[in-house]
Structures are given as C-alpha cells and as structure tokens.
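Notes to accompany the following structure.
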C-alpha cells in the first residue's frame, strides 16, 4: 500500500439539536482591522462559552468591508448563553462603533459535519 492510499478518512459527525448562524458584518470604510481585532479578542475568550462549538471568522475576498462569521452552538441554551455572556456584550459595544449597518444573520440547523482530520494536526500556534 503506497502512502497516498494510506490517507485518513475524514472526521464525520451528525449534529442533531445544534443551532448555527452565518453573520455578515459590514464595517465602515477602513475599519476592518479594528473589527477583526474586536472579533479575535472575543474569540480568545470562548473558553468561557463551552456551548459555542465553532466560531469561524472569514474575510470576504471581494469586499474589504465585509467579514463573515459562522457559529455553531450545542443547543438553544448554548446560543442563549452566548448572547448573555460578558464577552458578547463587550464585543457588541465595540461593533456598534465599527459597523456601517446592522449584522445580517442567517439562522440554520446544521445536520452533518465532515472535516479532514489533518486540519487539526497542523501547527496552529500564533
């Protein structure tokens, strides 16, 4: 068996009861670095929100004023705990000064996750 045939199978999980959202954040011109700073500061405190299982921060490749968030919560209670957290309140206070318009939120019920295990094996040290 050669090395290419010996690849690990992706990690897979069914996600019953989870809640998710994709959030579009439109910042004021030139404010994306400040927005990213606020979001990264918030993400650094997510250990206090164990029910927030995924927090994915993405840059829009076509619009420098757009930032996208993908969040997955263990359940409704975890999503409510997220919104009631001190870190969230602090972040929202900062975002209000940086955003051009209110966040656009698309709520979802995730069904299945498939992820290459090698993603978790990479050196992610900052």
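All conditions in (1) under 24 Å from residue 15 (Cα atoms); (2) touching a strand residue (DSSP E or B) at 6+ places or on another chain (Cβ under 6 Å) hold for residue 77, with the sole exception of (2).
Would you check which residues across the range 31-58 are over 17 Å from residue 106 (Cα atoms) and not in a helix (DSSP H, G or I) and list them?
Of the range 31-58, the ones over 17 Å from residue 106 (Cα atoms) are 31-51, 53.
Hits for the range 31-58 are 31, 45, 49, 50, 51, 53.
Looking across the range 16-30 at every residue that is crowded, with 19+ Cβ neighbours inside 10 Å and touching a helix residue (DSSP H, G or I) at 6+ places or on another chain (Cβ under 7 Å), the one that is nearest to residue 89 (Cα to Cα) is identified as 25. For the range 87-123, a tally of residues being in a helix (DSSP H, G or I) and more than 18 Å from the chain's Cα centre (by Cα) returns 6.
The set of residues in the range 68-81 being buried (at least 16 other Cβ atoms within 10 Å of the Cβ), free of Cβ contacts under 8 Å to residues at least 60 places away in the same chain and out of contact with any helix residue (DSSP H, G or I) (no Cβ under 6 Å at 6 or more places or on another chain) consists of 69, 70, 71, 72, 74, 78, 81.
Values quoted throughout were computed directly from the atomic coordinates according to the rules given, and no laboratory measurement underlies them. Just so you know, these numbers come straight off a predicted model, no measurement behind them. Cβ atoms come from the backbone with ideal geometry, glycine included; neighbour counts cover every protein chain shown.
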